[in-house]
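The values are calculated or read from the model by the stated rules, or taken from the named source; none is laboratory data. Just so it is clear, the structure is predicted and the values come from calculations on it, not from any experiment. Here the Cβ is made from the backbone with ideal geometry for all residues, glycine too, and neighbour counts use every protein chain on show.
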Amino acid sequence: MPGFLPLILLASLLAGAPAFADEHSVESGDILRLVYHVDSADPGEFSLVLRYLKEHVVSDGPEALDARVVLHGDGVRLLEAGSIGTATAVELDTLRLQGVEFLVSRRSLEARGLERSDLHDVLRDEVVSSGITELYRLQRKGFSYIKP
């Protein structure tokens, strides 16, 4: 049986499939799709989400990552321009430039008397009608749900 392993490896190579794959490698065309759920105004929790997103970008590369953050309920308050710190604003902007989308619930904004203009650089197309509906929609499209 000592010659059996090389035969398996050779057959694997001939078939075009890797015999052993790095757990962090992304096959050609594979995209890691993630949706983070933020419904709390806890800055510590939000800081954790931002850290996890940075780790995904570094380990998987921005080209292999399709990440969304859905903020609803009190979570929309985390993006209020008057209360967001400079360091958090820079982290948000950097992640946006790397392709991470921050989606905000219109219903949650209205319930709290907030406008899109009250938030840090939120574009019109980043406001969704309902955060919960958006979470469901993204999961149906194959996004993995993460609630830290």
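Being without any contact (Cβ under 8 Å) to a residue 40 or more places away in the chain and closer than 18 Å to residue 139 by Cα narrows it down to one residue among 71, 65; which is it? Spell out how you get there, then give the answer.
Working: 71 fails: without any contact (Cβ under 8 Å) to a residue 40 or more places away in the chain.
Matching residue, one of 71, 65: 65.
Looking at 96, 77, can you tell me which residue is surrounded by fewer than 23 Cβ atoms within 10 Å (Cβ to Cβ) and within 16 Å of residue 124 (Cα to Cα)? Spell out the reasoning first.
Details: 77 fails: within 16 Å of residue 124 (Cα to Cα).
Answer to the check: 96.
Of the helices (runs of 4 or more DSSP H) lying entirely inside the stretch 81-148, the ones with 3 or more residues being of a type in the set (S, T, N, Q) are found at 86-97.
Here residue 84 clears all of (1) within 20 Å of residue 141 (Cα to Cα); (2) crowded, with 16+ Cβ neighbours inside 10 Å except the condition numbered (1).
Here residue 44 fulfils each of the conditions (1) in contact (Cβ under 8 Å) with a residue 40 or more places away in the chain; (2) in a helix (DSSP H, G or I) apart from (1).
In summary, residue 66 fulfils each of the numbered conditions (1) outside any helix (DSSP H, G or I); (2) more than 16 Å from the chain's Cα centre (by Cα) with the single exception of condition (2).
For residue 114, state whether it is out of contact with any Pro (no Cβ under 6 Å at 6 or more places or on another chain), at pLDDT 95 or above and more than 19 Å from residue 139 (Cα to Cα). Don't jump to the end; show me each part of the working.
Values: out of contact with any Pro (no Cβ under 6 Å at 6 or more places or on another chain): yes; at pLDDT 95 or above: yes; more than 19 Å from residue 139 (Cα to Cα): yes.
Yes; evaluated as a whole, the condition is true for this residue.
Of the set (1) surrounded by 12 or more Cβ atoms within 10 Å (Cβ to Cβ); (2) among the polar types (S, T, N, Q); (3) touching a residue at least 12 places away in the same chain (Cβ under 8 Å), all apply to residue 133 but (3). Cβ separations smaller than 6 Å between residues 6+ apart or across chains give the following pairs from the stretch 79-101 residues that are closer than 16 Å to residue 66 by Cα to residues that are part of a helix (DSSP H, G or I) and not acidic (Asp, Glu): 95/53; 98/57; 98/62; 99/62; 100/53.
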